[in-house]
Amino acid sequence: MRRLHPRRLCLVVAFVFLVVNILGSITFAAEPKRSAAQLDTTAESAILMDANGTVLYEKDSHKRLPPASVTKAMTLLLAVEAVEQGKVKLTDTVTTSEGAWKQGGSQIWLEPGESMTMHEMLIALAVVSANDAAFSVMEHIYGNEQAAVDAMNKRAQALGLNDTHFANVNGLPISDHYMSAYDTALIVKEAVRHPLYMELCSIKEYWLRGGKNWLVNTNKLLWWYKGADGLKTGWTEEAKYCFAGTAKRDGLRLISVVFATPEPRSHLRESMKLLDWGFANFSAIPIVEAGAVVERLKVNKGTEKEVQLVASEDLNLLIAKGQGKNLQKKIVAEPTVSAPIQQGQKYGELIVLKDGKELGKVDLIAEKTVEKAGFFKIFQDMIANLFNISN
C-alpha cells in the first residue's frame, strides 16, 4: 500500500476536519427548536399567550399570588374604558385627596389639593406606576376607593377571571388581594384592544409639572425588545418581581406574564425568554382585516336588494412555523335575509379549517342598515321578479 506524503496527509486530515465541522453545523441547524416542555423559567408562575387567547406555554399559571403593581393593569383598563364611555374626559381636572397623598410606595409625590389633568394622572399611572395617581384617578371616577375596587372585581368577573380578587386599586400589600398569571394575561388581551391604553403604557419618558419632573417608564422592554409596546411591572417584598408584557412582530402579538421572579430585572429577563421562544416557533397568518367585505346576502322586502357582510375584527391565525399550508375558508351564512337589517348585526361567520379542524373564526356583520321597504316598493319588486322568471 502506497504511503501518503506527510504534507498530503495533513491536507487530508484538514479536509476531513472541515467536512466534520460542516456536517456538524448542518445537523445542529436542522434540529428542532426547543419544545414548550424544554422551556424553563425561574418565575414561580408564568404564561405565554397570543392575542386570541391561545396558551403557548404555562407554569402554574392559575396559582393565586400577590401581584404588586401589576394590579394597575386592571386599574388602567377601567380608567381608559371610563374615558371611552364618556364618563370622564382626559381634560378633566383631578384633585389629590388626603387618601391619595397617604398611599406611599411608587409615587409622583402629589400633595393634598394638588391638581392635574386626567391625562397627566393616567400617564403617571402607566409610566411610573404611581400609587397616588392611581388612587386619585379611581377616586375621581368612582367617588371612593371601595367603589373602585368593587368595579374592578365586577370587571374581573366579566372577563372570566377565576383566580383574581382585588382589595385595593394599586397592589400595595393587603390581605385577600391576588391575581394569577393566566388572569393577568386575559387583562392584557383586553387592554391591547384599546388604543388609548397602549398609547399610555408605551410612553418611554415624560416631563411632568411643566418640565420639573422626569418620568421614565419602568418597563425597560420598550428599549430592549423589538416590538414591545407594554405593559406593567410590579414589585413588593411579598410579591417579588412581576411583569405583564406584550410585543408584536410581523402581525403576531404575544403576551408574557411572570410572577414572583427572584432578583431585580429577572422579571424582564424571564419575559423576554418566553417571548423569544414564542416568536421563534410561531407566526401569524393574516386571514382577513376588520371591515373587509367577505360575502353579499340577498335582502327580502328591503329598501336595497342586498347587504355586504364584513369581518367584525382582524383574524390572524397562530400557526407553528412551517405549518401554514392547506388552510381552507368556509363561510356560514343564510343565502337571504329579511329586512330590516341593522348595521353591525351578526349574519354569519368566516371559519378557517385545516384538515377538517377549526383553527379560528370571525363574525360577519352587516356593513350598513337596510330599512324595510314600503308596500309599493315590495309590490314593485314582486312584479319585477315575475318578469325575470318568465324571461
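What to note about this one:
- Residue within the stretch 138-159 that is under 24 Å from Glu205 (Cα atoms) and either under 27 Å from the mean Cα position of the chain (by Cα) or part of a helix (DSSP H, G or I) (or both) present: yes
- The residues of the stretch 178-236 that are farther than 18 Å from Glu81 by Cβ and of a type in the set (Val, Ile, Thr), listed by number, are Ile203, Val216, Thr218, Thr233, Thr236.
- Residue list for the stretch 92-107, filter: surrounded by 18 or more Cβ atoms within 10 Å (Cβ to Cβ), not small (Gly, Ala, Ser) and not in a loop (DSSP other than H, G, I, E, B): Val94, Trp101
- In the stretch 13-41, residue modelled with the lowest pLDDT [restricted to those that are under 30 Å from Met179 (Cβ atoms) and surrounded by fewer than 17 Cβ atoms within 10 Å (Cβ to Cβ)]: Arg34
- Meets criteria (touching a residue at least 24 places away in the same chain (Cβ under 8 Å), buried (at least 18 other Cβ atoms within 10 Å of the Cβ) and within 17 Å of Leu48 (Cβ to Cβ)) for Leu231: yes
- The criterion of being surrounded by 19 or more Cβ atoms within 10 Å (Cβ to Cβ) and hydrophobic (A, V, I, L, M, F, W, C) holds for Ala284.
- Any hit, the stretch 307-317, residues being surrounded by fewer than 19 Cβ atoms within 10 Å (Cβ to Cβ), more than 25 Å from the chain's Cα centre (by Cα), among the acidic types (Asp, Glu) and at pLDDT below 95: no
- Residue satisfying all of: in the stretch 318-332; assigned to a strand (DSSP E or B) and at pLDDT below 90; surrounded by the most Cβ atoms within 10 Å (Cβ to Cβ) among these: Leu318
- Glu238 vs. criteria surrounded by fewer than 19 Cβ atoms within 10 Å (Cβ to Cβ) and touching a residue at least 40 places away in the same chain (Cβ under 8 Å): yes
- Consider the stretch 340-378 and keep the residues that are outside any strand (DSSP E or B) and at pLDDT below 90. The one that is surrounded by the fewest Cβ atoms within 10 Å (Cβ to Cβ) is Gly356.
The values are calculated or read from the model by the stated rules, or taken from the named source; none is laboratory data. Note that the coordinates shown come from a computational prediction; the quantities given were computed from them, not determined experimentally. With ideal geometry, Cβ positions are generated from the backbone for all residues, glycine too; neighbour counts draw on all protein chains shown.
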